[in-house]
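Below is one structure; the comments refer to it alone.
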Amino acid sequence: MKPSVIEMIYSQHDEIIRQWKNEVTELNQFDSTLPTNWFHETNEEFVNLIMGTLELEENEAKEQFRSFAERLMNAGWPLSYFTKGMQLFRRVLVQMLTSDESFESEKVFETLNEVEKWVDGVINQLVDEYTGSWENTLHLQKLALKELSAPLIPVFEKISVMPLVGTIDTERAKLIMENLLEGIIEHRSQVVLIDITGVPVVDTMVAHHIIQASEAVRLVGAECILVGIRPEIAQTIINLGIDLRKFPTKSTLRKGIETGLELTQRKIISTS
Amino acid sequence: MRIPILKLKNYLLISVQVDLDDQTALQFQEDLLNKIHQEGSFGVVIDLTSVEMIDSFIAKVLGDVVEMSNLMGAKVVLTGIQPGVAITLIDMGIVLDEVPTALDLEQGLDKLQQELEA
Amino acid sequence: MSVQSNVEVHSEWGIVSARQAGRNLAKELGFGGVDQARFTTAISELARNIYLYAEQGEIIIETVENSRITGVQRGLKITARDRGPGIKSIREVMEDGYTTSGGLGAGLPGVKRLMDEFDIDSVTGEGTEITAIKWLR
């Protein structure tokens, strides 16, 4: 940045900070997601940091912003706090430049240009920090979801249960199918009960995945019973015209297990 | 290459040990039908445990051989289809609806017996 | 570093060697059992198409990489190339159940479902090139 611009900003240093703090307080009233308790301290730190970038080496300034952003990100401050804060900062500067008549207009434009570049650079860096962290989080969550996807639990000899919990997308459906079939081979199950009590919505897509899974189960030589069909799920299945008649369904896991025992020529008897 | 067909009482047992190529599959189809005719078998178990891949052509040959055997009065059960093979068939939209299946040779024989008694 | 395998397809044996080459590469790269089956089956289908419709052509299998924020993603790419009659209507062959050979009609849409990425380039009278990628999970 040109020394003349830096000099200009420095000469107004205190005034800029005062105005910025004044205006930024209003942000808090619009955005209730900001943590109120240390709002003022953070503002203080933020504005000092912005000013600080004028003196520091580019890399050092970036590093300081990075650690500041990371800290606030972890504390749950929204990205909009930074972007709005920086936009406010720009507005304060512009106002100051244009209201002071001692500046020549040519110099004003030049200065504005420099300020734009500077502020945009800081905003871009902050946005990059945030999106990078979001993508990272998303990736970790996907991994976590993968780990909790659908175990096959052997409950009796030849009978296993797979409880499905949560929404089923194509990626998960593939994983479920693989776990299901490999589990069948491992436990030598003849009957598998797929329990959809924990699946919030059964639409055409989900039903399609379940039908495919049960067809694959049949190919490896076992049988599939769909259990845990709640009234509202039965309604949507019929209303959507999904044909599930090809494989047996039961309302509860208990009834499913009874059917499974029957299919393998066994039953539960009372010994009293 | 020819796939060996074993006779056990009224049944025929086949364990396919390699990924089938087209010629071997067609040869097998012919051999099996001849054997059913020769022995007057009631039931056939084809074990596919060692088969790592079934494409649409091989699937069609297998589906056909099941139907042809049925025409000749022999029930066929396919056993030991691997998870990867099953999923691949489903992905391709090949369902093999009419073909009875079982986990392994032993359960396949049980299934044949049940079906023949019924 | 990319590993590559080229197989000429002009007989049924070409189909067998293409899928064997594919299986070996898939194993080497660390594909799971199910994805190995998906990948080899896709090769088998594409090689068979070459043999049935173009009489001869080639299958090229190579490793590919894709940089992502979460690291480098590796995968295998199949290129099936022939100088056959070409495909008149790509839209038609991509419809489920379409067949000109009396097969099961799983054909190209089946291959597309087995793979993660799929692309056809065909000029009537000049030939067809199909590329498909399966990513390592």
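Could you check, for the stretch B:101-117, whether at least one of its residues is part of a loop (DSSP other than H, G, I, E, B) and either of a type in the set (D, E, K, R) or over 12 Å from residue B:42 (Cα atoms) (or both)?
Here is the first cut: in the stretch B:101-117, the residues part of a loop (DSSP other than H, G, I, E, B) are B:103-104.
Among the residues that remain, those that are also either of a type in the set (D, E, K, R) or over 12 Å from residue B:42 (Cα atoms) (or both) are: B:103-104.
Within the stretch B:101-117, one or more residues are part of a loop (DSSP other than H, G, I, E, B) and either of a type in the set (D, E, K, R) or over 12 Å from residue B:42 (Cα atoms) (or both).
Can you pull out every residue in the stretch C:43-85 that is outside any strand (DSSP E or B) and either in contact with a Phe, Trp or Tyr (Cβ under 9 Å, 6 or more places away or on another chain) or over 17 Å from residue C:107 (Cα atoms) (or both)? The answer is C:44, C:45, C:48, C:56, C:69, C:70, C:83, C:84, C:85.
Is it fair to say residue A:165 is within 28 Å of residue A:260 (Cα to Cα), in contact with a Gly (Cβ under 7 Å, 6 or more places away or on another chain) and surrounded by fewer than 18 Cβ atoms within 10 Å (Cβ to Cβ)? Break it down into steps so the answer makes sense when it comes.
Details: within 28 Å of residue A:260 (Cα to Cα): yes; in contact with a Gly (Cβ under 7 Å, 6 or more places away or on another chain): yes; surrounded by fewer than 18 Cβ atoms within 10 Å (Cβ to Cβ): yes.
When the stated conditions are applied, residue A:165 passes them.
In the stretch B:24-64, how many are part of a helix (DSSP H, G or I), more than 14 Å from chain C (Cβ to nearest Cβ) and either buried (at least 17 other Cβ atoms within 10 Å of the Cβ) or in contact (Cβ under 8 Å) with a residue 24 or more places away in the chain (or both)? Lay out the reasoning, then the answer.
Within the stretch B:24-64, the first condition is being part of a helix (DSSP H, G or I), and the residues that meet it are B:24-39, B:56-64.
Still in the list and also more than 14 Å from chain C (Cβ to nearest Cβ): B:28-39.
Still in the list and also either buried (at least 17 other Cβ atoms within 10 Å of the Cβ) or in contact (Cβ under 8 Å) with a residue 24 or more places away in the chain (or both): B:28-29, B:31-33, B:35-37, B:39.
Summing the residues that are part of a helix (DSSP H, G or I), more than 14 Å from chain C (Cβ to nearest Cβ) and either buried (at least 17 other Cβ atoms within 10 Å of the Cβ) or in contact (Cβ under 8 Å) with a residue 24 or more places away in the chain (or both) in the stretch B:24-64 gives 9.
Out of all the residues in the stretch C:66-87, is one or more closer than 25 Å to residue C:12 by Cβ, free of Cβ contacts under 8 Å to residues at least 40 places away in the same chain and in contact with a strand residue (DSSP E or B) (Cβ under 9 Å, 6 or more places away or on another chain)? The answer is no, given that none of the residues of the stretch C:66-87 is closer than 25 Å to residue C:12 by Cβ, free of Cβ contacts under 8 Å to residues at least 40 places away in the same chain and in contact with a strand residue (DSSP E or B) (Cβ under 9 Å, 6 or more places away or on another chain).
Residue count for the stretch A:231-272 satisfying the condition of being outside the structural domain of residue A:203 (by TED's automatic domain parsing) and in contact with a Gly (Cβ under 8 Å, 6 or more places away or on another chain): 0. Among the residues here, residue A:166 qualifies as in contact (Cβ under 8 Å) with a residue 24 or more places away in the chain, over 20 Å from residue B:96 (Cβ atoms) and under 30 Å from the mean Cα position of the chain (by Cα). Here residue A:178 meets each of (1) touching a strand residue (DSSP E or B) at 6+ places or on another chain (Cβ under 7 Å); (2) at pLDDT 80 or above; (3) surrounded by 19 or more Cβ atoms within 10 Å (Cβ to Cβ) with one exception, condition (1). Of all the numbered requirements in (1) in contact with a Leu (Cβ under 9 Å, 6 or more places away or on another chain); (2) outside any helix (DSSP H, G or I); (3) surrounded by fewer than 22 Cβ atoms within 10 Å (Cβ to Cβ), residue B:76 misses one, and that requirement is (3).
The values are calculated or read from the model by the stated rules, or taken from the named source; none is laboratory data. Just so we're clear, the structure is a prediction, and the values are computed from it rather than from any experiment. Using ideal geometry, Cβ is built from the backbone for each residue, glycine included, and neighbour counts are taken over all protein chains shown.
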